[in-house]
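The values are calculated or read from the model by the stated rules, or taken from the named source; none is laboratory data. All figures in this text were calculated on a predicted structure; none of them were measured in a lab. When we count neighbours, we look across all protein chains shown, and the Cβ atoms used for this are built from the backbone with ideal geometry, even at glycine.
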Amino acid sequence: MKIKLFFLLLFTLHVVTSFSQEEKSISDQIKIERDTELGKISNELNANDKFIDSLRLKLSNVSGNTKKVDGLKKLQIALEQRLKKLEEKPKTKIRLNGQLALTELLSIQRDIKPADLFLKSQTFFNNLGEIGDVSKYNAFRSWKVEYDKWYKKKKSSSEVITLINNSINIVSDISNKVPIYGSISQTITSGLTSVFSSIGNRYKELKNKTPEMINLLNMISQFEQQKSIIDYEWKLINKELEQLKSENLNLLKTQLKYYDLSYEEFLNSYLTETLENKRDDYKENCRKAINTKIAKLEINKDDSWLGDIETYMYKVQSIRMRFGQLTNRMLLNIDKYNDLITVYNKPSYPLEFTTKISSLSSSLKNVRSTFYNSFNPIVYIEDSATMYIGSDI
């Protein structure tokens with residue numbers, strides 16, 4: 001089914017995430033280091049404030065010129081130290097948040113447990129596909145046997161009967177993948193109702209089975225039509241996923257180039273690496289590369305990196321936020337299947353139809369549970385919003 005493409009896209013999507021244990025360990029290290037360093041600078045600034053206040057108080061009570069000069073020198077040194085710390089604080093914050101941004105970009109969907117999610121979604125979508133496959137229903141197959149006997153024995157066929165027969169053959173052949181709703185369903189049901197209302201007792205079994213089959217076909221048609229609305233939402237979601245994938249990859253390449261890191265090395269040393277410690281090593285090397293790049297720019301008195309890295313930071317945050325919102329849309333769309341099941345799982349509907357509908361509940365529950373545990377969209381969105389905010393801020 002086309003809907004499965006949604007899950008396949010998830011497995012290859014290069015978007016930012018921070019839910020896997022591997023990604024958390026590196027991200028948390030950066031956050032702890034950031035908060036520790038910023039906390040240290042804040043404490044030093046507070047101590048510096050108190051020292052400056054005490055120097056000013058002493059100067060106000062000093063009468064000798066020599067003591068005043070000495071006091072002013074100490075005050076000047078303290079003020080210069082304060083200025084240095086004030087300049088150091090935002091640089092420390094942006095440097096470490098820049099490391100965090102690149103680390104988040106490197107996490108390529110290690111939190112979604114793709115194999116587990118794919119296996120569980122396979123069961124659900126296979127069962128869902130069988131709802132619209134009339135060849136899977138005993139009632140239809142039994143009716144089709146009698147219908148084929150009748151059609152074969154007819155010496156001539158009108159254009160209406162030919163059209164009905166062609167439509168029946170189309171919907172009963174699963175390889176055609178034609179959804180049973182709209183004009184094709186109306187052609188079959190209205191045509192059969194008209195033709196077999198006047199059929200003789202010679203085909204009594206066919207005549208008796210036709211109302212049941214038409215009722216089944218009508219239920220399948222209504223179900224498929226409402227399901228098509230959910231399918232269309234997946235189409236829109238897939239389109240946005242592709243856009244996010246492209247944006248993330250372009251941003252990743254841009255950042256790697258900015259920090260003098262090789263994209264080929266990323267592919268060989270991280271993306272295809274199966275050992276967690278090797279991936280961690282690559283991330284640590286990236287952190288060192290960021291520090292090296294900034295150090296070179298600082299030596300040359302080039303503070304342009306502050307604006308550059310901050311721009312990268314908020315582009316990463318934007319992608320994470322949008323992905324969080326998109327996963328929430330995915331979850332809501334998954335929940336629409338539950339609404340569909342509830343609507344069509346009624347005793348008054350054909351038993352064979354409702355039995356198949358009812359069987360969807362268990363596999364859908366597994367899909368939703370796995371998806372929610374993997375993403376938890378609300379937490380993901382909240383985490384994205386605060387990713388650069390530390391305890392010192």
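Data table
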| item | result |
| --- | --- |
| Residues (in contact (Cβ under 8 Å) with a residue 60 or more places away in the chain and assigned to a helix (DSSP H, G or I)) located in the stretch 374-393 | 374, 375, 380, 381, 383, 384, 385 |
| Pairs, first not assigned by TED's automatic domain parsing to the domain that holds residue 100 in the stretch 28-49, second surrounded by 13 or more Cβ atoms within 10 Å (Cβ to Cβ) and among the small types (Gly, Ala, Ser), C-beta under 7 Å, six or more apart | 31/390; 34/390; 35/390; 38/390; 48/78 |
| Unmet requirement for residue 155, which otherwise passes all of (1) assigned to a helix (DSSP H, G or I); (2) modelled with pLDDT under 75 | (1) |
| Checking residue 123 against (1) of a type in the set (S, T, N, Q); (2) modelled with pLDDT under 85; (3) crowded, with 20+ Cβ neighbours inside 10 Å, the condition it does not meet | (3) |
| Residues satisfying the stated conditions in the stretch 340-353, i.e. in a helix (DSSP H, G or I) and buried (at least 17 other Cβ atoms within 10 Å of the Cβ) | 340, 341, 344, 353 |
| Residue check, residue 334 touching a residue at least 12 places away in the same chain (Cβ under 8 Å) and closer than 22 Å to residue 388 by Cβ | no |
| Which listed residue, of 90, 114, 179, is modelled with pLDDT of 90 or more and not acidic (Asp, Glu) | 90 |
